[in-house]
């Protein structure tokens, strides 16, 4: 016999997971974000401030940043512009003289002396017996390889190699020297720019061709006796650098056409004209 349940005894059934226990506390889901976001913002601000301090307020990676090659090209354009201006002024000067500078005795003497100095300085073209010397970087062998023990510096012509040849030629009695398409003067200084050579504001790639007028036997003897030229020839044998001496009965050397600018030049002796 079952008795009817008392209404007062009826209570809603609690879920099984709450039986005998209190309801679990909700996790503090926002506590990590509450502290993490400010920390990240502070670090980002410090990073931006450091970048600004290092770059000096300018962009670190600028696409328009000047490069050495761009500077050399700009110098070449400037040299070409100045050369055109010089030629134009020279034509104007000749027109003012009327093509007859000898009409005036004083002007004739100055012109004669200027012509003599021009020949000595290398301003005028010359022709005579001489040598053609060629220096070149090392070339790969038939298998497309360089010597296994060679370093990159062993395989290219350096500034000191060119200077050693030029100095030996002057010592051997060279009268006129041309490198590539330019006349070499006392003020000429070949410089290395990467794997190219800079001469009077213009760049050249190998092979480097030196044309010289003078006593052939004397110049070849000076080249053979020069220590740095001898060292270069050893690298020619070992690593395949290029070097040739071609004696010729007649060669042509151009005159110097670039501007001459000597700010502090003074006469070395009394002027006789």
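Compute the Cα gyration tensor for region 173-257, then decide on rounded, prolate or oblate, letting a ≥ b ≥ c be the square roots of its eigenvalues: rounded whenever a/c is under 1.5, prolate when a/b is larger than b/c in the other cases, and oblate in all that remain. Write down the numbers at each step before the final one.
Values: a/c = 1.83, a/b = 1.06, b/c = 1.72.
Oblate shape, in that a/c is at least 1.5 and b/c is the bigger or equal ratio.
Starting from the 7 Å offset along Cα-to-Cβ, what nm value, one decimal, do you get for the label separation of residue 180 and residue 140?
The answer from the label model is 2.5 nm.
Given a cut-off of under 8 Å on Cα pairs at least six residues apart, what relative contact order in percent is computed for region 133-273? Write down the numbers at each step before the final one.
Values: 185 pairs, mean separation 50.8, N = 141.
Relative contact order here is 36 percent.
How are the alpha carbon pair distances in region 112-174 distributed across 10 Å bins from zero to the largest one, expressed in percent?
For region 112-174, the pair-distance distribution reads 15, 30, 27, 16, 9, 3, 0.
Which distance in nm do the two modelled labels at residue 150 and residue 234 give, with both placed 7 Å along the Cα-to-Cβ direction?
Using points 7 Å along Cα→Cβ, the separation is 1.8 nm.
Could you rank the peptides 158-171, 129-142, 74-87 by their average count of other C-beta atoms within 10 Å per residue, with the highest value first?
Working: 158-171: 18.4, 129-142: 16.4, 74-87: 12.4.
Top to bottom by mean Cβ count within 10 Å: 158-171, 129-142, 74-87.
A short reminder: the numbers here are calculations on the coordinates, not readings from a lab. This structure is a prediction, so every number in the text was calculated from the model and none was measured. A quick note on method: Cβ atoms are made from the backbone with ideal geometry, for glycine too, and the neighbour counts reach across all protein chains shown.
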